[in-house]
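The values are calculated or read from the model by the stated rules, or taken from the named source; none is laboratory data. Small disclaimer: the values here were computed from a predicted structure and weren't measured. Cβ placement follows ideal geometry from the backbone for every residue including glycine, while neighbour counts extend to all protein chains displayed.
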Amino acid sequence: MKRRAFLAHSGAAISCSWISMSLPAILAASQVSCKAKEEGAAFRVFTASEANEFEAMAAQVIPSGDSPGAREAGVIYFMDTVLAEDQTGGIDRLRSGLAELQVDIRGAHGAEAFAGLGNALQIQVLQGIEKTDFFATIRYLTIAGMFSNPSYGGNRDQLGWKLIGFEGPRGWSPPFGFYDADYAEKGE
Amino acid sequence: MAGTTFPNSESVDFVIIGSGAAGGVMARELSVAGFTVVVLEQGPHLKSGDFRHDEWAYKNQQELTWGAIQGHPQTFRSTEDDTAEVTQRAVLSYAHNVGGSSVHFAANYWRFREVDFIERSLLGPIAGTNFADWPITYQDLEPYYTKVDWEIGVSGIEGPSDPPRSKGYPCPPMPVKSPGVLLERAGKKLGYQPYPAPVAILSQPHNGRAACMHCGFCWGFGCEASAKSSSMVAMIPQAEATGRCEIRTYCTASRIETNEAGRATGVVYWDTDGVEHFQKSNAVVLSANGAESPRLLLLSESSRFPDGLANSSGMVGKNLMFNGWSWTVGLFEQPVNAYKSIPTTRVIHDFYSLDPSLGHYGGGGIDARSSSGGTPIASASYAGPPDGPQWGEAYKQSLREMFTHTAAFVGHTTSLPLSSNNVSLDPTVRDRWGRPALRTTYQDHPHDISTMQFFKDRSDELMAAAGASRIWGAVAGGGTPESQHLLGTCRMGNDPGSSVVDKFHRSHDVPNLFICDGSSLVTSGRGQPTMTIQALAFRAADHIAAAGRRGDV
């Protein structure tokens with residue numbers, strides 16, 4: 001049973017998807033990690049094969065396709081940065097979850113790695129662990145890496161913000177949306 | 001230029017514990033009145049230029065609000081029969097910096113109304129609760145609400161059912177956003193009276209500060225334009241300019257000392273290196289918020305005050321109220337872009353007091369907002385419907401419309417005061433200073449839940465009338481992580497047997513100890529307490545200064 005500790009279904013949906021950096025680490029990361037977002041840069045905590053695995057999972061949370069997804073946005077570099085600074089043991093939890101998942105994949109599909117599975121099988125495997133803390137953590141970090149300031153290493157070229165239509169943090173003038181433009185036009 | 005400093009060896013007129021919504025007002029009013037003041041603030045003195053548009057840092061990493069990772073764990077339990085457990089995020093959430101939570105709040109400034117102060121008389125008792133009248137009326141507080149409007153800086157226009165006001169707003173309402181238009185049109189269709197939401201954000205330059213630039217990073221963030229009227233920008237600079245006020249940052253109060261005569265003699269605190277100091281003072285003003293004020297009183301027990309300072313009534317920490325809320329999200333055909341500009345621009349107050357024939361106490365307001373605070377990570381995390389796709393291609397396809405095409409109608413509601421809902425000292429968990437952690441014991445009263453549901457139902461109807469193609473939402477009780485309205489825990493009252501401070505905020509038990517912040521509230525109001533906290537602080541400061549001049553503190 002011990003083996004299931006990290007892939008166990010959690011009552012609280014995101015109870016372990018909590019990654020905490022110290023304030024100095026936040027400030028440092030927001031300033032220096034710009035370097036890390038360059039493709040092919042060295043990772044701080046991930047091995048190359050771990051990075052492959054986690055990036056493949058992130059790419060299922062926000063897939064590539066008609067428009068760029070987590071992979072193109074460099075989410076894996078965000079994950080690496082924040083896990084390097086995390087004070088809650090997040091990297092250990094993720095490694096343990098990955099090890100459990102790989103055992104399952106070997107047993108069920110005869111493959112050595114998640115990233116080595118075909119697209120349909122990857123989706124099927126993740127559907128099987130959808131309710132776990134491990135998956136919640138992957139999802140949380142993927143979203144944060146896709147939509148946080150590019151200075152943390154993800155959201156490369158603001159690809160995440162472009163995806164959702166966020167036109168960058170800056171000032172605005174009215175009208176802000178369709179309905180207030182219409183309201184002004186009709187003189188309501 | 002270095003600010004004024006006082007040596008510990010020198011007694012000052014007042015030590016003020018906390019520099020937030022109330023403490024900032026106290027510091028400014030008492031120093032302007034001619035008194036010497038030391039303000040103890042446990043966090044840094046950030047300036048407007050320090051604030052960043054950084055959702056990960058502020059919202060996900062709690063850069064301002066702190067939590068267990070910074071050495072401030074909190075515990076929670078529903079009832080006194082349970083053992084409280086450490087929560088992942090602080091239950092009682094507030095910003096640790098000069099200006100306190102007025103720095104990162106959403107800045108909705110609704111006055112309380114006549115009814116808020118006399119509801120117990122109007123409605124009678126509610127079994128099992130400490131529902132009570134206030135020792136003051138709306139008329140007593142009105143001049144101070146006007147002072148908040150003008151000296152803190154509020155934008156708005158008189159609403160259709162406002163209580164009487166002696167003066168108009170200093171700044172016109174903020175420009176309406178699409179969620180506000182949708183609420184206004186739906187409200188009119190259903191026969192309600194929507195109107196521009198009053199907010200402590202400047203629509204035009206005022207008191208030397210600039211107007212809002214509509215960046216959208218208000219709620220949970222500090223304002224880099226100084227357009228949000230925090231204590232940090234509206235009060236503290238004026239206090240410092242007197243030359244009689246020292247803001248002592250990174251200083252955490254550990255204990256209010258009292259002497260044989262039962263008077264406060266000053267405050268013991270730790271500096272940033274953990275070195276203990278004692279600041280002597282003629283009187284102490286406690287404005288540390290509805291969580292920390294009761295904790296400090298409970299920690300300041302002595303042989304003379306064995307149950308905690310100022311606690312002969314047993315009411316210190318009791319009657320914790322959060323304000324309930326409900327949220328209804330709607331999906332619209334055209335771009336809403338709720339992420340631009342301020343959190344809310346229209347409000348409906350037609351349900352300020354619910355009809356007693358409904359069978360439960362309650363009331364509140366409904367305002368129009370973004371579905372998720374208007375920030376990208378939060379939107380992608382939880383803006384969508386709970387049964388919608390959570391990852392994968394369909395999820396990706398939904399992200400844009402969730403961010404740009406949704407609006408939320410949010411209900412803000414009353415909470416009843418109960419002895420069993422309280423802040424106390426955790427028996428086992430300690431914070432970084434070795435103090436017992438804040439322990440919250442809380443369960444919504446059935447009337448509060450019915451009220452939240454009522455507001456959810458009305459919001460759903462409004463959302464349908466607004467033409468949303470899809471509607472979802474929920475009610476959320478108090479005691480959920482990151483509750484920010486921390487109310488009632490050192491309540492005001494005329495009776496020393498059932499309240500902690502008198503109607504001038506002087507503690508019943510310690511004549512030179514004044515307590516003024518969210519803890520002073522007797523009832524919860526309708527969901528936007530900060531303006532009332534500041535009106536109380538302006539009023540208390542007037543009385544404290546007058547008492548000081550006649551040698552009565």
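Annotations for the structure displayed:
- If you go through the range B:500-538 and pick out every residue that is of a type in the set (Ser, Thr, Tyr) and part of a loop (DSSP other than H, G, I, E, B), you end up with 2.
- Residue list for the range B:131-155, filter: buried (at least 21 other Cβ atoms within 10 Å of the Cβ), out of contact with any strand residue (DSSP E or B) (no Cβ under 6 Å at 6 or more places or on another chain) and either without any contact (Cβ under 8 Å) to a residue 60 or more places away in the chain or under 18 Å from B:THR413 (Cβ atoms) (or both): B:PHE131, B:ASP149
- Members of the range B:382-408 that are within 26 Å of B:VAL181 (Cα to Cα) and touching a Pro at 6+ places or on another chain (Cβ under 8 Å): B:SER398, B:PHE403, B:THR404, B:HIS405, B:ALA407, B:ALA408
- The set of residues in the range A:127-163 being over 14 Å from the mean Cα position of the chain (by Cα), farther than 16 Å from A:SER67 by Cβ and facing another protein chain (nearest Cβ under 10 Å) consists of A:GLN127, A:GLU130, A:SER151.
- Test: residue in the range B:84-105 that is assigned to a helix (DSSP H, G or I), within 21 Å of the chain's Cα centre (by Cα), modelled with pLDDT of 95 or more and surrounded by fewer than 23 Cβ atoms within 10 Å (Cβ to Cβ): no
- Conditions (1) within 14 Å of another protein chain (Cβ to nearest Cβ); (2) in contact with a Phe, Trp or Tyr (Cβ under 8 Å, 6 or more places away or on another chain); (3) within 27 Å of B:ALA227 (Cα to Cα); number of the one not met by B:ILE366: (1)
- In the range B:497-553, residue farthest from the chain's Cα centre (by Cα) [restricted to those that are farther than 20 Å from B:ALA283 by Cα and among the hydrophobic types (A, V, I, L, M, F, W, C)]: B:VAL522
- The residue list A:ALA184, A:ALA108 contains one member that is within 10 Å of chain B (Cβ to nearest Cβ), assigned to a helix (DSSP H, G or I) and surrounded by fewer than 16 Cβ atoms within 10 Å (Cβ to Cβ), which is A:ALA184.
- Restricted to the range B:345-436, the set of strands (runs of 3 or more DSSP E) holding at least 1 residues that are acidic (Asp, Glu) comprises B:364-369, B:422-430.
- For the range B:60-83, filtered to residues that are over 18 Å from B:ALA291 (Cα atoms), in contact with a Ser or Thr (Cβ under 9 Å, 6 or more places away or on another chain) and at the interface with chain A (Cβ under 10 Å from one of its Cβ atoms), the residue that is surrounded by the fewest Cβ atoms within 10 Å (Cβ to Cβ) is B:ILE69.
- Pairs meeting the criteria (first residue in the range B:216-233 and within 14 Å of chain A (Cβ to nearest Cβ), second residue among the polar types (S, T, N, Q) and assigned to a loop (DSSP other than H, G, I, E, B), beta carbons under 7 Å, at least 6 apart or on different chains) are B:GLY216/B:SER341.
- Residues within the range B:373-387 that are in contact (Cβ under 8 Å) with a residue 12 or more places away in the chain and touching a helix residue (DSSP H, G or I) at 6+ places or on another chain (Cβ under 7 Å), tallied: 8
- Here B:GLN204 meets each of (1) surrounded by fewer than 20 Cβ atoms within 10 Å (Cβ to Cβ); (2) touching a Leu at 6+ places or on another chain (Cβ under 9 Å) with one exception, condition (2).
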